[in-house]
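Q: Quick one: structure below, then a few questions.
The values are calculated or read from the model by the stated rules, or taken from the named source; none is laboratory data. Since we're looking at a predicted model, the values are computed, not measured. For neighbour counting, all protein chains shown are included, and Cβ atoms are generated from backbone atoms with ideal geometry for every residue, glycine included.
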């Protein structure tokens, strides 16, 4: 029993795992074959617990030398028992300063999560911008290399009611590949049902369940993360990948669900 406690509170939560995924998309440009994206999510920064997997992840991600880094929200944690939004949002600056140590030639790009939006989205976004990390709030930007490009799209948080997918996609040509950053994975049902302009959705929010016991459903599954819990899914014409996150929420425990750094290698499918 003691070994289990040590593993779930000290060892597993503080040692991120690199998950490598070959991601083939029909509309992906041939010239960008092999383009790599590091996906990180759910940092839930605090000075005692979640800071440790984040510190460990920085060197690991930089050693992977990704072309682009995607950050899918929850940089801070709302204390549901506290009335102080300011106390939660104040941790955005130290979190962003650590994330600013990450390097990628095509930049770091973020969307906010529900905890960010329910604390102080302006302050969280401002902390990220100060470190050169743009927040894609219902907008799309082209990523170009070797005469080819794809579109990186981000939406506001779904639970906070600020996601505007149609607005975000307005500048995107129908023929070009699009990757969507959206904090909540179950938003994929809406994306797949309302547009075929998105090829791949990258999400977090679920923490992978955080505690996973054999033959049982994960113990921690927040709203809009109860269907697509972790890993890769096909949702109609859409491909979805849900990252397990780096930090923890509530009790700082992980069991059979280590923190995740996802390295996606993009390919053109047949």
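Q: May I ask you to list the residues in region 42-72 that are touching a strand residue (DSSP E or B) at 6+ places or on another chain (Cβ under 7 Å) and crowded, with 18+ Cβ neighbours inside 10 Å? Talk me through it step by step, then tell me what you get.
A: Within region 42-72, the subset touching a strand residue (DSSP E or B) at 6+ places or on another chain (Cβ under 7 Å) is 57, 60-61, 64, 66-72.
57, 61, 66, 67, 68, 69, 70, 71, 72, listed by residue number.
Q: OK, next. Can you find a residue that is surrounded by fewer than 24 Cβ atoms within 10 Å (Cβ to Cβ), in a loop (DSSP other than H, G, I, E, B), at pLDDT 95 or above and in contact with a helix residue (DSSP H, G or I) (Cβ under 7 Å, 6 or more places away or on another chain) anywhere in region 203-212?
A: Of the residues in region 203-212, the ones surrounded by fewer than 24 Cβ atoms within 10 Å (Cβ to Cβ) are 209, 211-212.
This time we only want the ones that are in a loop (DSSP other than H, G, I, E, B), so: 212.
Filter once more, keeping what is at pLDDT 95 or above: none.
The answer is no; no qualifying residue exists.
Q: Scan region 130-139 for residues that are surrounded by fewer than 20 Cβ atoms within 10 Å (Cβ to Cβ) and either in a loop (DSSP other than H, G, I, E, B) or in contact with a strand residue (DSSP E or B) (Cβ under 7 Å, 6 or more places away or on another chain) (or both) and report the count. Full working, then the answer.
A: Quick first cut of region 130-139, residues surrounded by fewer than 20 Cβ atoms within 10 Å (Cβ to Cβ) only: 130-132, 134, 137-139.
So of that shortlist, the ones also either in a loop (DSSP other than H, G, I, E, B) or in contact with a strand residue (DSSP E or B) (Cβ under 7 Å, 6 or more places away or on another chain) (or both) come out as 131-132, 134, 137-139.
Within region 130-139, residues that are surrounded by fewer than 20 Cβ atoms within 10 Å (Cβ to Cβ) and either in a loop (DSSP other than H, G, I, E, B) or in contact with a strand residue (DSSP E or B) (Cβ under 7 Å, 6 or more places away or on another chain) (or both) number 6.
Q: Right, something else. Quick check on my filter: what residues within region 140-161 are part of a loop (DSSP other than H, G, I, E, B) and closer than 14 Å to residue 73 by Cα?
A: Initial filter on region 140-161 (part of a loop (DSSP other than H, G, I, E, B)): 146-147, 155-161.
155, 156, 157, 158, 159, 160 - these are the residues of region 140-161 that are part of a loop (DSSP other than H, G, I, E, B) and closer than 14 Å to residue 73 by Cα.
Q: Kindly indicate whether any position in region 97-113 is in contact with a helix residue (DSSP H, G or I) (Cβ under 7 Å, 6 or more places away or on another chain), surrounded by 23 or more Cβ atoms within 10 Å (Cβ to Cβ) and part of a loop (DSSP other than H, G, I, E, B).
A: yes
Q: If you don't mind, another one. Pull up region 162-175, narrow it to residues that are in contact with a strand residue (DSSP E or B) (Cβ under 6 Å, 6 or more places away or on another chain) and not in a helix (DSSP H, G or I), then point me to the one that is farthest from residue 31 (Cα to Cα).
A: Step one: filter region 162-175 for residues in contact with a strand residue (DSSP E or B) (Cβ under 6 Å, 6 or more places away or on another chain), giving 168, 171-172.
Filter again for not in a helix (DSSP H, G or I), leaving 171-172.
Working: 171: 22, 172: 19 Å.
Ranking the qualifying residues of region 162-175, first place goes to 171.
Q: May I pose another question? Working carefully through the options 57, 87, 38, find the one that is part of a helix (DSSP H, G or I) and modelled with pLDDT of 95 or more. Don't jump to the end; show me each part of the working.
A: Values: 87 fails: modelled with pLDDT of 95 or more; 38 fails: part of a helix (DSSP H, G or I).
So the residue among 57, 87, 38 that is part of a helix (DSSP H, G or I) and modelled with pLDDT of 95 or more is 57.
Q: Which condition from (1) buried (at least 24 other Cβ atoms within 10 Å of the Cβ); (2) touching a residue at least 40 places away in the same chain (Cβ under 8 Å) is the one that residue 187 breaks?
A: Looking at each condition in turn, residue 187 falls short on (2).
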